[in-house]
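Written out below as structure tokens is the structure these notes cover.
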Amino acid sequence: MELKFVLEAVLFSAQKPLSLREIADVLAGAPEHAEGDETVRGLRKVKEEDLLAALEQLAAEHAQAARSYRLACVAGAWQFVTEPPFAPWLKALVGHKTRPPRLSQPALETLAIIAYRQPVTRTEVEQVRGVAVDGVMQTLLERGLVAQVGRAEVVGRPMTYGTTAAFLEYFGLRALEGLPAADELRRLPVEKPAALATADAAGAAAGEQLTLAGEAAPAPAPAPAPETPAVAPAAPEPDPAPAPAPEAGAAEPPPAS
């Protein structure tokens, strides 16, 4: 019995999508229900890569057959899903489920930033978008599309966010590697807060301060001597006025004997 047919029967009867680990557990537990069956015992320990290859082959065969259903891997789990054109008849059979409202444009933009840059803080998301995202982040958290995944190693230890398995299911993705290329979004510069100072870094900084304090400080420049007020030079004495010239016709004094 081929492995792919065993997997087809298991997935067809499963009530929920199955991951590779869950499928391997089913194969490992089958010998308990089929004593002495060497075929079942032989499939008890199948390598993960062999499981994946059989599933991929089975999915290709169903896609080539162009049936009303296909085998799909969503969020790392495998399941049979019907093709969209058959939705009206299925809704009439099982009823129409009211789906949550579509995500708004701001919510989609915020979700894209988180998906491509995760783990990311709320401040970094706001730097990329240029607006506050408090209300949008609350909506995404309530819908289960994003979740808190840790804390950033920066001052204040802000919470970091990432996408969930519900995000992959919402967009029908097998894994994050299936996201469209968006290198430009990943390269947008974001100013990050200063990193937390570790014990080694703090010790190095303290040692550097001590070294700087121990160095001889340059001698202060001598204060300039007080300037003495300049004494204005004495004004030169005026020359004596010349004697008046004798008037014309006046007698000259006799010479002294």
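The values are calculated or read from the model by the stated rules, or taken from the named source; none is laboratory data. What you see is a predicted model, and the numbers here were worked out from it, not measured in a lab. Glycine also receives a Cβ, built like all others from the backbone with ideal geometry; neighbour counts cover every protein chain displayed.
For beta carbons closer than 6 Å, sequence separation of 6+ or different chains, a first residue in segment 83-109 that is within 25 Å of L71 (Cβ to Cβ) and a second that is at pLDDT 90 or above and among the hydroxyl-bearing types (S, T, Y), the qualifying pairs are E83/S68; F86/S68.
Got at least one residue in segment 40-51 being surrounded by fewer than 16 Cβ atoms within 10 Å (Cβ to Cβ), out of contact with any Pro (no Cβ under 9 Å at 6 or more places or on another chain) and among the β-branched types (V, I, T)? Scanning segment 40-51 turns up no residue that is surrounded by fewer than 16 Cβ atoms within 10 Å (Cβ to Cβ), out of contact with any Pro (no Cβ under 9 Å at 6 or more places or on another chain) and among the β-branched types (V, I, T).
Here is the figure for segment 1-19: residues that are closer than 17 Å to D50 by Cα and of a type in the set (S, T, Y) total 1. On the given criteria, is A30 farther than 29 Å from L176 by Cβ, surrounded by 10 or more Cβ atoms within 10 Å (Cβ to Cβ) and without any contact (Cβ under 8 Å) to a residue 24 or more places away in the chain? Yes; evaluated as a whole, the condition is true for this residue.
Yes/no matrix, rows are residues, columns are (1) loosely packed, with under 14 Cβ neighbours inside 10 Å; (2) assigned to a loop (DSSP other than H, G, I, E, B); (3) outside the structural domain of A59 (by TED's automatic domain parsing):
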{"position": "P85", "(1), (2), (3)": "yes, no, no"}
{"position": "I113", "(1), (2), (3)": "no, no, yes"}
{"position": "T123", "(1), (2), (3)": "no, no, yes"}
{"position": "L141", "(1), (2), (3)": "no, no, yes"}
{"position": "G150", "(1), (2), (3)": "yes, no, yes"}
{"position": "Y161", "(1), (2), (3)": "no, no, yes"}
{"position": "F167", "(1), (2), (3)": "no, no, yes"}
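Only one of the numbered conditions (1) on the phi > 0 side of the Ramachandran plot; (2) modelled with pLDDT under 90 is not met by G144, and that is (2).
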